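This report concerns only the one structure given below.
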Amino acid sequence: MKIASLTEGITYNEEKPQITLLLKTETTKEIRIAFKKGQLMKAHKAPFPIVVEIFEGEIEFGVNGVKNILKKGALIALDADVPHDLKGLEDAIVRLSISIADKVKRVENVTNL
């Protein structure tokens, strides 16, 4: 059994979204992305399917250039290699589920684009 919290120990980075690995299972890595209003993750692709949950706040989630406004409670699933971008429309906590074969460093690098 593994336990993690999306809200405990949360920190925000004033310059870019804050990426935190919360837990790792046999099949996934669960990551928290803490956005300050206006912060971006520019267009990128994931090498494996992903699931994104908006736990708190509101983001703009672009998929292939189409902008979607996602609010608290929304879920979105993407297949591998689908271009997407994120922007915090307000302070937001986002949960990202990635394949165990994917790397947290890849997600961190997206914030450096």
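The values are calculated or read from the model by the stated rules, or taken from the named source; none is laboratory data. Please read these numbers as outputs of a predicted model, since none were measured by experiment. Glycine gets a Cβ as well: all are built from the backbone with ideal geometry, and neighbour counts include every protein chain shown.
Has the range 40-48 got any residue that is among the hydrophobic types (A, V, I, L, M, F, W, C), more than 13 Å from V107 (Cα to Cα) and surrounded by fewer than 18 Cβ atoms within 10 Å (Cβ to Cβ)? No, the range 40-48 contains no residue that is among the hydrophobic types (A, V, I, L, M, F, W, C), more than 13 Å from V107 (Cα to Cα) and surrounded by fewer than 18 Cβ atoms within 10 Å (Cβ to Cβ).
Considering E30, E26, E56, the condition of being surrounded by fewer than 18 Cβ atoms within 10 Å (Cβ to Cβ) and touching a residue at least 24 places away in the same chain (Cβ under 8 Å) is satisfied by E26 alone. Restricting the search to strands (runs of 3 or more DSSP E) fully inside the range 22-105 and requiring at least 1 residues that are under 13 Å from the mean Cα position of the chain (by Cα), polar (S, T, N, Q) and farther than 17 Å from T11 by Cα gives 92-99.
Among the residues of the range 60-75, is any farther than 17 Å from T111 by Cβ, modelled with pLDDT of 95 or more and surrounded by 17 or more Cβ atoms within 10 Å (Cβ to Cβ)? Taking every residue of the range 60-75 in turn, at least one turns out to be farther than 17 Å from T111 by Cβ, modelled with pLDDT of 95 or more and surrounded by 17 or more Cβ atoms within 10 Å (Cβ to Cβ). Out of contact with any Pro (no Cβ under 7 Å at 6 or more places or on another chain), β-branched (V, I, T) and free of Cβ contacts under 8 Å to residues at least 24 places away in the same chain: is that true of V66 in this structure? Considered against the rule, which asks whether it is out of contact with any Pro (no Cβ under 7 Å at 6 or more places or on another chain), β-branched (V, I, T) and free of Cβ contacts under 8 Å to residues at least 24 places away in the same chain, V66 comes out as yes. Please specify each residue of the range 6-21 satisfying the condition of being surrounded by fewer than 14 Cβ atoms within 10 Å (Cβ to Cβ) and either acidic (D, E) or not in a loop (DSSP other than H, G, I, E, B) (or both). Scanning the range 6-21 gives E8, E14, E15. Counting only residues that are over 26 Å from M1 (Cβ atoms) and charged (D, E, K, R), the range 12-54 holds 7 of them.
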